[in-house]
Amino acid sequence: MVESAGTGGGFSAARRLIDLAEAVRATPDLPRADLAELLAGHGERPADLTEAAFPEASAAELRAAARRMGQVLAESDEDRAAEALNALFEESATRPRLTRHDGHPWHLHVDRGEGAGWGDWFLASGALCLAQLLTEYGRIAWGACAGAGCGRFFLATGPGSARRYCSTTCATRARVAAHRRRKREG
């Protein structure tokens, strides 16, 4: 099981990270089959996702890793985010490598090392991806929606200032609620 840590060309580990962390945030006990389907949609090989290769114990480990990455995705302070990512690098002891396969251009891979499980792999590849985004954009380029009752994870890799909301819908709701609140108070 390997995956790119880049955001362009080939695979998108950033999108996989967000999708998996969000799926587990929304459904903490997301079934193994749903996790496998989500991973397959992000380019994981079917042979790596069979019940024998990806049993319930591996799914539980992956869900726990997704919850842990969710904590990093919700961090809005750059220094604390960098510290959390460094801690994951220290813990994983996984080295990235460049690879090219299946018609994809060169991209970074993080391999699941000997004795490492799906959770270790997800933490290492997710940390590498977020570290790349932090260094590329010079700011946190991800987040948890600040909209009341939302909290969905999102990527903020576009131009402009840092985003606070997962969508224009949540941003508009927040602006309307703030406007109504000011009108009531004024």
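The values are calculated or read from the model by the stated rules, or taken from the named source; none is laboratory data. Since the structure is predicted, the reported quantities are computational estimates derived from the model, not experimental observations. Neighbour counts are summed over all protein chains in view; Cβ atoms, including those assigned to glycine, are modelled from backbone coordinates with ideal geometry. Quick note on the areas: whole protein, heavy atoms, side chains included, nothing else; ligands and nucleic acids left out. Shrake-Rupley method; radii C 1.70, N 1.55, O 1.52, S 1.80 Å.
Taking the conditions (1) open to solvent by less than 50 Å² (accessible area, probe 1.4 Å); (2) more than 17 Å from E22 (Cβ to Cβ); (3) in contact with a Leu (Cβ under 9 Å, 6 or more places away or on another chain) in turn, W142 satisfies each one other than (2). Taken as a whole, the structure places A47 among residues that are among the small types (G, A, S) and open to solvent by 40 Å² or more (accessible area, probe 1.4 Å).
Among the residues making up the range 147-164, those that are of a type outside the set (A, V, I, L, M, F, W, C), at pLDDT below 90 and surrounded by 10 or more Cβ atoms within 10 Å (Cβ to Cβ) are T157, R163, R164.
What residue, among those in the range 68-87 that are in contact with a Leu (Cβ under 8 Å, 6 or more places away or on another chain) and within 15 Å of F122 (Cα to Cα), is surrounded by the most Cβ atoms within 10 Å (Cβ to Cβ)? Across the range 68-87, the extreme among qualifying residues is M69.
Conditions (1) modelled with pLDDT under 95; (2) of a type outside the set (D, E); (3) over 18 Å from the mean Cα position of the chain (by Cα), marked per residue:
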residue: A40; (1), (2), (3): yes, yes, no
residue: A47; (1), (2), (3): yes, yes, yes
residue: R67; (1), (2), (3): no, yes, no
residue: F89; (1), (2), (3): yes, yes, no
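Of the strands (runs of 3 or more DSSP E) lying entirely inside the range 51-146, those containing at least 2 residues that are touching a residue at least 24 places away in the same chain (Cβ under 8 Å) and not β-branched (V, I, T) span 107-110, 142-144. Is one or more of the residues making up the range 11-23 farther than 14 Å from F153 by Cα, modelled with pLDDT of 95 or more, touching a Lys or Arg at 6+ places or on another chain (Cβ under 9 Å) and open to solvent by less than 30 Å² (accessible area, probe 1.4 Å)? Scanning the range 11-23, I find no residue that is farther than 14 Å from F153 by Cα, modelled with pLDDT of 95 or more, touching a Lys or Arg at 6+ places or on another chain (Cβ under 9 Å) and open to solvent by less than 30 Å² (accessible area, probe 1.4 Å), so the answer is no. Scanning the range 88-103 turns up at least one residue that is open to solvent by less than 40 Å² (accessible area, probe 1.4 Å), touching a helix residue (DSSP H, G or I) at 6+ places or on another chain (Cβ under 8 Å) and not polar (S, T, N, Q). Every condition in (1) open to solvent by 30 Å² or more (accessible area, probe 1.4 Å); (2) touching a Lys or Arg at 6+ places or on another chain (Cβ under 9 Å); (3) not small (G, A, S) is met by R175 except one, and the failing one is (2). Looking for something assigned to a helix (DSSP H, G or I), modelled with pLDDT of 95 or more and exposed (fewer than 12 other Cβ atoms within 10 Å of the Cβ) - is there at least one such residue anywhere in the range 25-33? The answer is yes, given that some residue of the range 25-33 is assigned to a helix (DSSP H, G or I), modelled with pLDDT of 95 or more and exposed (fewer than 12 other Cβ atoms within 10 Å of the Cβ).
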